[in-house]
Amino acid sequence: MADWLDELLEVIPVEPYPPDLVAQVQTRLANSRRWSRWARNGVRLVMVMAGVLGLWLLMPKVEILLSAVSSISLGRLEEWLSAVMRSPSDALLDLSQIAVTWVSQLAAGLEAELVLALGLLAIPALYGVISLLSSGISQEEAII
Amino acid sequence: MKRWRMMIIIIALAAVLIMFVSALLGDLTWWSRPLVSRTMVQSPHRAWRLALVKDAGVRVNFSVLLAGLVTQFMAGVLVLYLVPRQVHHMAHAIAIGWRQLLRYLAIGILLAIVMAVVGLLSILALHTMPLLIVLSMVFFLASLGGVVALTYQLGRGLLSQAGWSEGSPLTSLALGTTIFYAITRIPFFGWFALVLLWLTGAGVAVATRLGSGKPWSILPLMEDS
């Protein structure tokens, strides 16, 4: 009994391979590789530029971030721990109030320029992490 | 092998010496204390020894040193017993070579930047506000796991070179903890070393997917489509 594939093969016209088929495939592969290399280098360049721009924008605003962090000190932590020993529920309430105040202060200090700088800094950093994480595994298993 | 054994003993002794000196020089008030009596003036070495023993600052330094060392070791023991398989994976990932360690450090630094930025930006929206605390906790725990693996692998590597690898993993951890703790006690350089160590630890933990040994991948989602 003839298989349907045999029937199909009979219908297909038999054409000779073009003589430069191998060369064509090799050229297309080389072009594809060149293009992906160019794209990768382009993305890297954009990421580096974004990182530099982010740092440049962030530098004058570091003071705002540091002033927010400086409100957390060892003395305050010690005070809070002694409050926990006295009354845990009150200490927890105090902590939530302090956290809300601190967060609102920080949020008020976050200007549009600073948010943009942070975003510009985060994207290349994330790209770097992903590149480094996926460099040790095969293409099929890669994160992107 | 004999050379390695000698080296381990020398390293351990050097670590203890560094810790001792750092505790001693952490507070110099005993050194500048006036020599009160005539006999003490006549024998200043004895006077300084007495001052050293009696000085509260030096005592506090030694207490802090011991407490820190014991706490770090106990935290390591806890991690070893809680997640031994994960520590094993991380330790094997570290053992590959120095270039890998540099890669883990780079991952740790970049990850710290990403987490700090995401944490800061998360406070702008009400529903993402707890992310700052959650990410800090995750980063801390990941770093702790990675640091324990680094410590364990350092001890294990040295002991295996000396032919003492048959001992308990806790011995490896103890040796690694002593060395790393001593390095972090070196004035000025210690803080820098500590930051590098914790960032590398975070990098190791993340690169090994929290010690699971599986790669980071979204392939299952791509298979769905």
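What to note about this one:
- HN-Hα J in Hz across region B:191-205 - Karplus 6.51, -1.76, 1.60, θ = phi - 60°, x for Gly and Pro: 5, 4, 5, 4, 5, 4, 4, 6, 5, 5, x, 5, x, 4, 4
- Pairwise label distance in nanometres, residue B:81 with residue B:17, each label 7 Å out on the Cα-Cβ vector: 3.5 nm
- Scalar couplings 3J(HN,Hα) for region A:23-29, obtained by applying the Karplus form with A = 6.51, B = -1.76, C = 1.60 to θ = phi - 60°, are 5, 4, 4, 5, 5, 5, 5 Hz; x denotes Gly and Pro.
- Local electrostatic count at residue B:200 - Lys and Arg +1, Asp and Glu -1, tallied over other residues with Cβ under 14 Å: +2
- Solvent-accessible surface, computed for protein heavy atoms with a probe of 1.4 Å, shrinks by 20 Å² or more for the following residues of region A:94-117 when the other protein chains are added to the isolated chain: A:102, A:103, A:106, A:107, A:110, A:115.
- Summing both sides, the accessible surface hidden between A and B at a 1.4 Å probe radius is close to 2000 Å².
- The loop-placed chymotrypsin sites (Phe, Trp or Tyr not before Pro) in region B:152-225, going by DSSP, that have at most 11 neighbouring Cβ atoms within 10 Å of their Cβ come out as B:188.
The values are calculated or read from the model by the stated rules, or taken from the named source; none is laboratory data. On a predicted model such as this, the values are computed, not experimentally measured, just so you know. Please note: Cβ atoms are built from the backbone with ideal geometry, for glycine as well, and neighbour counts cover all protein chains shown. Surface accessibility is based on the protein's heavy atoms, side chains included, excluding ligands, DNA and RNA. Shrake-Rupley method; radii C 1.70, N 1.55, O 1.52, S 1.80 Å.
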